[in-house]
Amino acid sequence: MESMTPNPASTNIHAGLDTTPPKPASDTIVPPYWQRHVRNNSSLNTGDSRRSAIQLEDHTEEDSEQSKALWARSARIDDYVIVRGTPPGIGAYVVWNCLVDTLDGGSITLRKRYSEFLTLRKNLARTFPKSEGAMPPLPPKSIISNFKPKFLEKRREGLSYFLNCILLNPEFSGSPVLKEFLFS
């Protein structure tokens with residue numbers, strides 16, 4: 001074992017201890033991420049110094065299994081209706097007016113309650129347990145703010161995002177679970 005000589009500038013005078021960190025041995029292994037990365041000439045673009053732009057590709061005309069499952073272009077929730085219960089204040093609920101635009105130019109109009117979105121998410125998670133991470137969470141519930149416009153607007157945005165993510169995912173878009181939600 002090597003003995004270390006204290007550096008007078010780094011010796012703790014009060015305790016008589018050396019606080020200088022030990023120098024690494026000459027045969028120390030250097031982690032690969034510390035080493036300088038060298039590119040070979042084949043990976044360098046010698047012509048244009050600008051990076052290439054992102055290219056979007058339209059695969060809707062392809063006959064792959066994934067593209068066959070896709071049938072929706074977009075979904076949105078434009079507004080909602082508060083259905084009042086009788087007597088007033090008891091049994092009220094919100095119905096969301098959803099519009100799904102299809103790839104063939106048509107559209108589907110849906111009227112759904114929040115509880116139906118909850119059921120859809122639960123059934124999709126049960127049917128596709130390994131893909132639950134691809135499903136965004138639904139907006140939270142609230143007992144107090146249920147009918148306040150600000151709360152309803154945030155919920156509308158969250159439900160619209162959820163519906164788009166589900167409809168535009170080829171794994172979910174062709175599933176019987178989603179079809180049951182859309183056509184019931």
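Restricting attention to the stretch 129-136, does a residue exist that is over 20 Å from Arg113 (Cα atoms), over 14 Å from the mean Cα position of the chain (by Cα) and surrounded by fewer than 17 Cβ atoms within 10 Å (Cβ to Cβ)? Yes: the stretch 129-136 contains one or more residues that are over 20 Å from Arg113 (Cα atoms), over 14 Å from the mean Cα position of the chain (by Cα) and surrounded by fewer than 17 Cβ atoms within 10 Å (Cβ to Cβ).
Considering only residues that are closer than 21 Å to Cys165 by Cβ, modelled with pLDDT of 90 or more, not in a loop (DSSP other than H, G, I, E, B) and not charged (D, E, K, R), which ones fall in the stretch 57-93?
Initially, the stretch 57-93 is screened for residues closer than 21 Å to Cys165 by Cβ, giving 57-60, 64-80.
Of the ones still in play, those that are also modelled with pLDDT of 90 or more are 71-80.
If we keep only those that are not in a loop (DSSP other than H, G, I, E, B) as well, we get 72-80.
Answer for the stretch 57-93, where residues must be closer than 21 Å to Cys165 by Cβ, modelled with pLDDT of 90 or more, not in a loop (DSSP other than H, G, I, E, B) and not charged (D, E, K, R): Ala72, Ser74, Ala75, Ile77, Tyr80.
Would you tally the residues in the stretch 95-140 being assigned to a loop (DSSP other than H, G, I, E, B) and touching a strand residue (DSSP E or B) at 6+ places or on another chain (Cβ under 6 Å)?
1
The number of residues in the stretch 160-184 that are aliphatic (A, V, I, L, M) and out of contact with any helix residue (DSSP H, G or I) (no Cβ under 6 Å at 6 or more places or on another chain) comes to 3. If you check Leu168, Leu182, Leu159, which single one turns out to be touching a residue at least 60 places away in the same chain (Cβ under 8 Å) and more than 22 Å from the chain's Cα centre (by Cα)? Exactly one of Leu168, Leu182, Leu159 is touching a residue at least 60 places away in the same chain (Cβ under 8 Å) and more than 22 Å from the chain's Cα centre (by Cα), namely Leu182. Within the stretch 77-98, residues that are at positive phi and surrounded by fewer than 11 Cβ atoms within 10 Å (Cβ to Cβ) have Cβ atoms under 6 Å from residues that are of a type in the set (Gly, Ala, Ser) and not in a strand (DSSP E or B) in these pairs: Gly91/Gly85, counting only partners at least 6 apart in sequence or on another chain. Exactly one condition in (1) surrounded by 17 or more Cβ atoms within 10 Å (Cβ to Cβ); (2) not in a helix (DSSP H, G or I) is false for Ile143; which is it? (1) is the only condition that Ile143 fails.
The values are calculated or read from the model by the stated rules, or taken from the named source; none is laboratory data. What you see is a predicted model, and the numbers here were worked out from it, not measured in a lab. Virtual Cβ from ideal backbone geometry, glycine too; neighbours counted across all protein chains shown.
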